[in-house]
Amino acid sequence: MHSPTDDGVTAEDLGRVLFIGIGGVGMSGLARLYATRGLPVSGSELHDWPSLPELAALGATVHREHVPSNLDGVDTVVRSSAHPDSHLEIAEARRRGIRVYHRSEALAAAMTGRRSVVIAGTHGKTTTTAMTTEILEGCGLDPSYVNGGEASVSGSSGRHGTGDVMVIEADEHDRTFLRYRPHIAIITNIDADHLNNYGDIDNLEAGFAEFGRATDADGVVIVCADDERARRVGETLRAEGREVATYGTAADADLRIDKVHSTSDGVSYHATYGDAQLGEFFVPVPGAHLGLNSAAAVLAALRLGLEADRIRTALAAFSGVRRRFELRGTVGGVRVYDEYAYHPTAMKAALSTLSGIREGGRLIVVFQPYRAYRTRDLRAEIAEALAIADQAVVMEVFGPGEDIPVSEGGIALHAAVALPEEDKVFVPDWNDVPGEVAARARPGDLVVTMGAPPLSLMPPEILAALGGPSTT
């Protein structure tokens, strides 16, 4: 796949940029990177995303409708895969002869001339990207970054830094991660997802191998030794002569972690790098799988030449990522969390961790499935994950542009969840969800909203229905 980096195109070469859908997490992070780099930024957005006021404060012009005049004076239009060629602004740009780039191409242009740490994987890449970024910041490197989620403290998913290192989250779903040329490539895991684009998991695995092959000749591919397919990709790339480093609990991992202990305060583990005993590391976020993600970030930092003691200190100050075990408030003894997981593997890990910190109350999950094809193909696995909770409120599938047959949507998923009928319910109307949760919850319970991106807007409504104001 051709990339702007093949031609040495930089962000500055794109001139005045219009970002379509500028408020969404993925696009807003890239727009923020461009704006903080001092480049002229504008965008169009119909939804009231929280990122819009900050983008405007950074000098971005935000248009609240899609009209031809948005393109006046624009040199480049940046789109995502969600925007079809028929989109008004894309069609108008092409009519005017204005350059149209995919988001990944604009990101690749911003990476030109920098040592990039590119994090990919079916699960954990957003958190791993955030951990890597905060470790490098804590060690004084001042990296640029673009992430698929917002840091809990900064509230930002992208920023231009003065250092020569750039950290980005790479998306495999539409193969756009093949546009990047990493200095360090990280593969956290490879699990069955996006098979509508790949056909089967073997082709998905081959895609990750191709991603690894794009790494700089003097760079390194970091893979999880605990994940069978990621490990196999690493072995293939090593046999081809590429530098590969591994992490995990496996005895032969280059960075080996053991004595992993997770509590409601976070996860700790002992790390060994080669023959060197690095001592204990702590991540202030619960979940053994997050300890594994942090090991990837630690290994990347070590490969960049940073000292273990400084890495340890920076990791211990990790602020977390919004929508990853994010406590949104407590009302009447009911804690309300928000969690992005929508693939069954990530859902099981998240719900198991939340179940472990519910402190005697019940775990109530509010789940909005993400994409019709995933809900159909992984229905049994998603239902199995939801059954970890004590009660499940299932919403209709969020699938922009998709036709959702009744037999493949939320009502079918609800029926598949192995919970007693009184402990599960299908609620297709967004406005009915807060009241349903309030009717079910009682003091001591833990509620988690989980799934598609718009669900991040639900917790305040649930807290209000519980009788807010909330406390965190």
Please turn the phi angles of the range 139-145 into ³J(HN,Hα) values with the Karplus equation 6.51 cos²θ - 1.76 cosθ + 1.60 (θ = phi - 60°), one per residue in order, whole Hz, x for glycine and proline.
8, x, 7, 6, x, 7, 7
Read phi for every residue in the range 157-166 and hand back ³J(HN,Hα) as whole Hz from Karplus 6.51 cos²θ - 1.76 cosθ + 1.60, θ = phi - 60°, with x for Gly and Pro.
10, x, 6, 8, x, 7, x, 9, 9, 10
Treating cross-link reach as a plain straight distance, find the lysines whose alpha-carbon is under 24 Å from the alpha-carbon of residue 259, omitting any fewer than eight places away in the same chain.
125, 348
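Sorting check: for 225-234, 249-258, which peptide has the highest mean count of neighbouring beta carbons within 10 Å, and how do the rest follow?
On the way: 225-234: 20.9, 249-258: 17.1.
So the order, starting with the most tightly packed, is 225-234, 249-258.
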3J(HN,Hα) from dihedral phi, the range 448-454, Karplus parametrisation 6.51/-1.76/1.60, rounded to Hz, x for glycine, proline:
10, 8, 9, x, 4, x, x
Asserting the computed 222 nm helical MRE of the chain (DSSP H runs at least 4 long, -39500 (n - 2.57) per run, divided by residue count, to nearest 500) equals -9500 deg cm²/dmol
Counting only protein heavy atoms and leaving out ligands, DNA and RNA, the solvent-accessible surface of residue 238 at a 1.4 Å probe, in Å² to the nearest 10, equals 110
Show the residues, 5+ positions off or on another chain, whose built amide H is closer than 5 Å to the amide H of residue 116.
166, 183, 184
259, 424, 348, reordered so the largest accessible area comes first (probe 1.4 Å):
259, 348, 424
Label of the coordinate-derived value, semi-axes √(5λ) of the Cα gyration tensor in Å, listed as [x] 35, 26, 22; [y] 33, 30, 21; [z] 41, 29, 18
[y]
Report, by chain and number, residues whose modeled amide H sits under 5 Å from the one on residue 278, excluding near sequence neighbours (fewer than 5 apart, same chain).
271, 272, 273
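Would you rank 243, 402 by solvent-accessible area, highest first, keeping every protein chain in place and using a 1.4 Å probe?
Heavy-atom accessible area, descending, gives 243, 402.
The values are calculated or read from the model by the stated rules, or taken from the named source; none is laboratory data. Source: prediction; values computed, not measured. Glycine also receives a Cβ, built like all others from the backbone with ideal geometry; neighbour counts cover every protein chain displayed. Surface areas here come from the heavy atoms of the whole protein model, side chains and all, with no ligands, DNA or RNA. Shrake-Rupley method; radii C 1.70, N 1.55, O 1.52, S 1.80 Å.
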